[in-house]
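All of the numbers you see were taken from the coordinates with simple rules; none came from a lab. Everything numeric here is computed off the predicted structure, so don't read it as measured data. Every residue, glycine among them, receives a Cβ derived from its backbone with ideal geometry; neighbour counts consider all protein chains shown.
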């Protein structure tokens with residue numbers, strides 16, 4: 001029984017000793033400048049961190065398997081992976097600088113065209129005027145605006161009041177809303 005207790009104590013102690021913080025910095029291999037906001041994490045686990053705006057990071061490594069890898073990745077750079085054990089050994093030797101190499105990605109051509117929208121006010125020209133539409137019986141009343149060109153609606157506003165507390169069906173831009 002004492003042997004089992006001693007083994008458990010050694011295993012727990014080993015886990016506690018493994019839980020440490022490892023500082024470092026991520027540098028651009030070509031320019032030797034720090035890389036901001038690099039994602040750093042143990043693959044397929046929720047454990048990770050980011051480098052700050054100066055490329056500095058502190059990775060807290062607690063529980064990991066011997067097969068686990070630590071990945072450093074950032075948009076515009078090739079990712080770098082280390083076995084967690086190898087990273088810890090390098091960090092303990094004072095080798096805490098991680099170098100990432102730039103990744104050049106060619107994009108397809110993008111064509112940008114200028115679309116000038118003409119601003120027009122439809123309906124009432126002054127805010128003091130009102131357009132009153134009534135619902136009589138089971139008939140639907142509304143305003144239809146027809147144009148020969150596509151419209152871009154920048155602002156649409158309307159107010160509805162009802163004398164009875166019944167459901168109101170509003171059709172707007174081909175969609176139907178029940179209020």
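A few remarks follow.
- Highest average first, the peptides 99-105, 110-116 ordered by how many other beta carbon atoms sit within 10 Å of their residues are 99-105, 110-116.
- Subtracting the Cα-Cα distance of residue 60 and residue 105 from their residue separation scaled by 0.36 nm leaves 13.0 nm.
- A viscosity of 1.306 mPa s and a temperature of 10 °C, combined with the Kirkwood radius over Cα pairs in Stokes-Einstein, give a translational diffusion coefficient for the range 17-100 of 125 µm²/s.
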